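Comments concern the structure below.
The values are calculated or read from the model by the stated rules, or taken from the named source; none is laboratory data. The shown structure was predicted, so the numbers you read here are calculated from the model rather than taken from an experiment. In this analysis, Cβ positions are derived from the backbone assuming ideal geometry, glycine residues included, and neighbour counts consider all displayed protein chains. Surface areas here come from the heavy atoms of the whole protein model, side chains and all, with no ligands, DNA or RNA. Shrake-Rupley method; radii C 1.70, N 1.55, O 1.52, S 1.80 Å.
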Amino acid sequence: MSEMVRFLHSGPLAPIKRWGTKWSLWPVHLVTACCGVELAHAYASGYDGERLGSLNYGISRQTNLIIVEGAITRKMARILKMTYEQMPDPKFVMVMGACGLKGGLFWNGYHMVKPSDVVPVDFFIPGCPPTPEAMLRGIRELQEKIWSGEPRNSISFNKIDMLRIGSPRLAPPSPKKIAKTPLVKVNVDRSEKWKEGGIIVKEVSDLLGELASSVTITGRNRICVFVESENAVEVAKRLSRLFDHVKSVNVIDVPHESSFIIEYVFSSYSNKKYMPILLTMASRIDREEAKFPSLAEIFPSADYLEREMHDLFGVWFEGNPGMGVRFLIAPDTPENPLRKDFRLEEEVYTGGDGR
Ligand code: SF4
């Protein structure tokens, strides 16, 4: 019996306490993911969850139930813990959805946390998303548990420590045989429809000269410039005459070629001719020596984007003062979580009798 239920069963006023709590389960508003829509559905007029004495409430100090609505990320885990601690006893936790059980469709995501690792959970409601009926059945089960002191679903599983029974599962290696890189054909029809495309490519080619390995139209209003990393700063300086900001910085992990492709997407708010155009500057760097010159001095909007890529892929943008400082992900997040060889160990459970 959980501590909270034991509390309800103690003292001379125990039946009154149990009765009152059973019919006054007030979940705090803590919408964390899409399961929240089903929760809203369960309490809307169709299913009318309020008829069970359960009423969603906004302030944690006047509530006694948390319904975790799906995914909990590392950052949200702190909020969940704080909310739980602010609530008065006796208090209960239910977890909705596959994401709250084992990560659901975000399984193996570096940012996922199991709510049961943060707060004591009374009931899990499986599904993706669980139906409103399942949600209300969870409320009924919790009411039963409060009243009788026994949870209705008494199946328990033991977590097996994989480190003890064998070597940890290794990340799958890169494939040994790789299909030939397919020939990428530029959609000529589309580029032909973009009448000014040829003129813009010529302007960009003239501007960059030998510094660009290639300047290609990849679609309407889309141009890709491939450069060597040592030329990136000079190329960016010249492009700053046409474009005034960096829209995004991306890293593509290519482990079987032991390289990263770094992409900067430039655009313009001030030069009317270039406003509709997105120009991608791409460059390939060595995966083991993942360093690339920062363009933040030339394009200040690249600063945060580079730091984000540094957090997620471990690429070091030389010259960006934010390198080595985690700003996007929680401090306990594993290193380089978006590299393709990043894997989380899957947990294995057995029934109580070892099956
Ligand atoms: S279980 Fe499904 S519906 Fe619920 S939060 Fe996860 S993805 Fe969304």
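Distance in nm between label sites at ILE199 and GLU297, each 7 Å beyond Cα in the beta-carbon direction?
So the label points at ILE199 and GLU297 sit 3.5 nm apart.
In nm, give the distance between the simple-model label positions of LEU328 and HIS29, each being 7 Å from the Cα along the Cα-to-Cβ direction.
In this crude label model, LEU328 to HIS29 measures out at 3.0 nm.
So what is the calculated 222 nm ellipticity per residue for the chain, using -39500 (n - 2.57) for each DSSP H run with n of 4 or more, over all residues, to the nearest 500 deg cm²/dmol?
For the chain, the value works out to -8000 deg cm²/dmol.
Report the paramagnetic label zone for LEU207: residues of the range 288-325 whose backbone N is under 14 Å from a point 7 Å from Cα along the Cα-to-Cβ axis.
299
Given a 1.4 Å probe and every protein chain left where it sits, what share in percent of the accessible area of the range 188-318 is carbon and sulfur? Please list the in-between numbers first.
Values: 3190 of 6390 Å².
Here it works out to 50 percent.
Got a number for carbon plus sulfur as a percent of the range 92-150's accessible area, 1.4 Å probe?
59
Please state the shape class of the chain: rounded when a/c is under 1.5, otherwise prolate if a/b exceeds b/c and oblate if not, all from the C-alpha gyration tensor.
Here the chain falls in the prolate category.
Can you give the FRET efficiency for ILE252 and ALA40, using 1/(1 + (r/R0)^6), R0 = 45 Å, r = Cβ-Cβ distance, to the nearest 0.05?
Computed FRET efficiency for ILE252 and ALA40 comes out at 0.70.
On a straight-distance basis, which lysines could pair with LYS176 in a cross-link, Cα separation under 22 angstrom, same-chain partners fewer than 8 positions away excluded?
Qualifying lysines at Cα under 22 Å: LYS340.
When the solvent-accessible surface of protein heavy atoms is calculated with a 1.4 angstrom probe, in what order do LEU183, LEU55, LEU25 fall, highest first?
Correct descending sequence by accessible area is LEU183, LEU55, LEU25.
Could you sort 290-303, 250-263, 196-209 so that the peptide with the highest average Cβ count within 10 Å comes first and the rest follow in order?
Per-residue mean Cβ counts within 10 Å order the peptides as 290-303, 250-263, 196-209.
Counting only protein chains, not ligands or nucleic acids, how are LYS180, LYS91, LYS75 ordered by accessible area (probe 1.4 Å), most first? Present the calculation step by step, with values, prior to reporting the outcome.
On the way: LYS180 185, LYS91 20, LYS75 120 Å².
The residues order as LYS180, LYS75, LYS91, largest area first.
Could you pull out every whole DSSP H run in the chain that spans at least 15 Å of Cα extent along its own axis and averages -0.5 or higher on the Kyte-Doolittle scale?
Helices passing the filter in the chain: 197-208.
Evaluate the relative contact order of the range 3-160 (contact order divided by residue number), counting alpha-carbon pairs under 8 angstrom at least 6 apart; express in whole percent.
Taking the mean separation of contacting Cα pairs over the length of the range 3-160, I get 25 percent.
May I ask you to rank HIS29, HIS245, HIS111 by accessible area, largest first, using a 1.4 Å probe over the protein chains only? Don't skip to the answer; put the middle values down first.
Values: HIS29 105, HIS245 20, HIS111 55 Å².
Listed by decreasing accessible area, they come as HIS29, HIS111, HIS245.
Of all DSSP beta bridges located in the chain, what percent are antiparallel, nearest 5?
Values: 28 of 47 bridges.
Among the beta bridges of the chain, antiparallel pairing accounts for roughly 60 percent.
Given a 1.4 Å probe, how much area per residue of the range 188-318 is accessible, in Å²?
Accessible area per residue: 49 Å².
Suppose R0 equals 45 Å. What FRET efficiency, 1/(1 + (r/R0)^6) with r the Cβ-Cβ distance, do HIS9 and LEU344 give to the nearest 0.05? It would help to have the intermediate numbers written out before the result.
On the way: r = 39 Å, r/R0 = 0.87.
Plugging the Cβ-Cβ distance into 1/(1 + (r/R0)^6) gives 0.70.
Among residues other than TRP26 whose Cβ falls under 13 Å from its Cβ, what is the net charge (Lys/Arg +1, Asp/Glu -1)?
Local net charge: +2.
How far apart, in nm, are two points set 7 Å out from the Cα along the Cα-to-Cβ line at ASP89 and at ILE261?
Between ASP89 and ILE261, the label points sit 5.9 nm apart.
If amide hydrogens are placed 1.01 Å from N in the peptide plane, which non-local residues have theirs closer than 5 Å to the one on THR218?
Correct list: ILE223, CYS224.
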